[in-house]
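Only the coordinates and a few stated rules stand behind these numbers; no lab work does. Only a predicted model underlies this, so the values are computations on that prediction, with no experimental measurement involved. Cβ atoms come from the backbone with ideal geometry, glycine included; neighbour counts cover every protein chain shown.
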Amino acid sequence: MSSVLRHGVGRTGWVLIFYGIISIVFGFTALIWPGKTVVALAWAFGVMALAEGIISLFALFRREVAISRGWLVLYAIASIVFGLLAIMHPLAVVKLLLVFLAAWLIVAGVYRIIFAVRVRKEIKGEWMIALSGVLAIVLGFMFMAYPVAALLTVAIWIGAAALVYGILQLVAGVRMQRFKRAL
């Protein structure tokens, strides 16, 4: 193996280990403090949106832009407004996003049921599609009925996913380091 490839494998291994550790810490944090995690995520998205909006405003002063200036202004303003709202009122933004998630789950559930009924003669196991639709509808209504529990549930799922992702990254990074040493 060339020295450039060996160096790349070693560096990638350390990057994966670093990402894995950060993800594991975030996952544990989200599982231990799901309420604070939701607020922190909303705040982080707000900061990113605000930065994106400001950068887009600066892009207006460039001679050439990839899209029309009107769309760029609209995007910049929407990003700045969303960013400021998410920073100043993170729980309100999260609750609004939760309402959209609940509505989407209900619509998706109805769609799945209709789809299952229409394809019942062509495929086997269509009942599983219909069942997933029913479960999506129930989950959507539960999110609307119990928004605080829904927020905490979403945070816990995010934490669990981050924990699994972090473990996988950590294992992959350690294996890459061992692979590098074996060469």
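Test of understanding: in a Gaussian network model of the chain with alpha carbons linked when under 10 Å, which of 168, 74, 96 would top the mean-square fluctuation ranking?
Highest fluctuation of the listed residues: 74.
When the Cα centres of the stretch 144-178 and the stretch 31-63 are compared, how far apart do they sit, in Å?
21 Å
Which parts of the stretch 136-178 would a label at residue 91 reach, counting a residue when its backbone N lies under 18 Å from a point 7 Å out along Cα-to-Cβ?
Only 144-156 fall inside the zone, counting backbone N under 18 Å.
If only Cα atoms are counted, what is the Rg of the chain, and what is its Dmax, in Å?
Rg then Dmax for the chain, in Å: 22.3, 60.
Give me the percent relative contact order of the chain, please, defined on Cα pairs under 8 angstrom at least 6 residues apart.
Numbers: 224 pairs, mean separation 75.0, N = 183.
RCO, the chain: 41 percent.
For the chain, modelled as a GNM with alpha-carbon contacts under 10 angstrom, which of 114, 32, 80 fluctuates the most?
Maximum fluctuation in the GNM of the chain, among the listed residues, is at 114.
Please get the size of the charge dipole for the chain, origin at its Cα centre, with Cβ charges of +1 on Lys and Arg and -1 on Asp and Glu, quoted in debye to the nearest 20. It would help to have the intermediate numbers written out before the result.
Working: 16 positive and 4 negative charges, 134 e Å.
Its charge dipole is roughly 640 debye.
By counting other Cβ atoms within 10 Å of each Cβ, how are 56, 132 ranked from fewest to most? Numbers along the way, then the final one.
On the way: 56 20, 132 15.
Lowest count first: 132, 56.
Could you tell me which trypsin sites (Lys or Arg not before Pro) in the stretch 76-142 are loop residues by DSSP with no more than 10 other beta carbons within 10 angstrom of their beta carbon?
Passing sites in the stretch 76-142 are 121, 124.
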